[in-house]
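To keep things clear, I will list the structure first and then write my remarks on it.
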Amino acid sequence: MDRPSEVSGLFYPQSAKDLKTMMANFLKRSGDMSMDCKLIGVVVPHAGYIYSGMTASYSYNLIQRSGSTRLIVIGPKHSGRPFDTYVYPNGRWLTPLGPCEIDSHLLVDLRNSGKYIKESDTAFQNEHSIEVQVPWIQHVTSGKGKILPISMGDQDSSKAIQISEAIQKLKDNFIIIASSDLTHYEDALSVERKDSRMIQAVESLDVDLFYSTIVEENATPCGYGPIAALMHYASSIGGKIKLLNHSNSGDASGDFSQVVGYVSMVAYME
């Protein structure tokens, strides 16, 4: 089943030419992000490109240089409903850059390994956290990228670990994309403090510490479940996570009184 774009013209340009130009400019500005290591995954924001695109480009620079074309994209369901964990079952996701196919081979393997993960296309309606990543994937893979979208309604740590354990059983090579913004709608100094503590917790690979930090700081990351899934996965296979770039919406708007924090982080093996 083809999923039409829901946020084209809102979160990113509706014109394919304008969209490509915007992403190419961000990638050029984020510079040479090559790493002499195996790329496991990334944490990327999912706000409008004019606000979070610069930060996202740091992660997508690495994906582009890796040559990988198989991406597992884990995003939160902002409404929390439906409440379970779902994978998109088949078909293509459509953007101004054309169709992006579901990775059928990864899907079959996940069916055999992820008993807690259900299949649904409707679970992905009225949600932008995964779709915002798709044009990036199409651009940095020259249209060759295939995706396995996973939607988290319940973002409890146990659900994140279940996703990680299911992914660990997959045989093929892939990169995980954890889609999340960080602290929402506070002044820039507050966002910097809260985000910095969360970033340190993510780098520690301690899922319990990450969740407790969110509670202690009264922080508001919207995709903490996808981040935790990547943390657990990286820890389980001997990987590490480090910061690439951190910013907030005020860097684009000039208004630092009520901002949202954005982060690019990379999971890798030396």
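The values are calculated or read from the model by the stated rules, or taken from the named source; none is laboratory data. Predicted model only: the values in this text are computed from it and were never measured. Here Cβ is always computed from backbone atoms with ideal geometry, including for glycine, and neighbour counts include all displayed protein chains.
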- prompt: So how many residues does the range 166-194 have that are part of a helix (DSSP H, G or I), touching a residue at least 12 places away in the same chain (Cβ under 8 Å) and over 16 Å from the mean Cα position of the chain (by Cα)?
  reply: 7
field: Evaluation of D84 against (1) over 27 Å from I199 (Cβ atoms); (2) in contact with a Lys or Arg (Cβ under 6 Å, 6 or more places away or on another chain); (3) surrounded by fewer than 16 Cβ atoms within 10 Å (Cβ to Cβ) (one fails), failing number
entry: (3)
- request: Check off (1) among the aromatic types (F, W, Y); (2) closer than 18 Å to G75 by Cα; (3) surrounded by fewer than 22 Cβ atoms within 10 Å (Cβ to Cβ) for Y268 and give me the number that stays unchecked.
  value: (2)
Exclusive hit being on the phi < 0 side of the Ramachandran plot, out of contact with any helix residue (DSSP H, G or I) (no Cβ under 6 Å at 6 or more places or on another chain) and touching a residue at least 24 places away in the same chain (Cβ under 8 Å), set S52, S57: S52
- line: Of the conditions (1) in contact (Cβ under 8 Å) with a residue 60 or more places away in the chain; (2) buried (at least 16 other Cβ atoms within 10 Å of the Cβ); (3) more than 29 Å from I50 (Cα to Cα), the single one that I72 does not satisfy is (3)
- request: Any chance you could count how many residues in the range 87-131 are loosely packed, with under 14 Cβ neighbours inside 10 Å, under 17 Å from S179 (Cβ atoms) and at pLDDT below 95?
  value: 0
field: Residues (buried (at least 22 other Cβ atoms within 10 Å of the Cβ) and touching a helix residue (DSSP H, G or I) at 6+ places or on another chain (Cβ under 6 Å)) located in the range 180-199
entry: S180, L182, T183, K194, M198
- prompt: Looking only at the range 211-230, which residues are free of Cβ contacts under 8 Å to residues at least 40 places away in the same chain and of a type outside the set (D, E, K, R)?
  reply: S212, T213, I214, V215, N218, A219, T220
query: When you go through A47, A16 one by one, which is the residue that is at pLDDT 95 or above and under 16 Å from the mean Cα position of the chain (by Cα)?
result: A47
Filtered residue count, the range 9-45, keeping only those that are within 23 Å of I72 (Cβ to Cβ), among the polar types (S, T, N, Q) and in contact with a strand residue (DSSP E or B) (Cβ under 8 Å, 6 or more places away or on another chain): 1
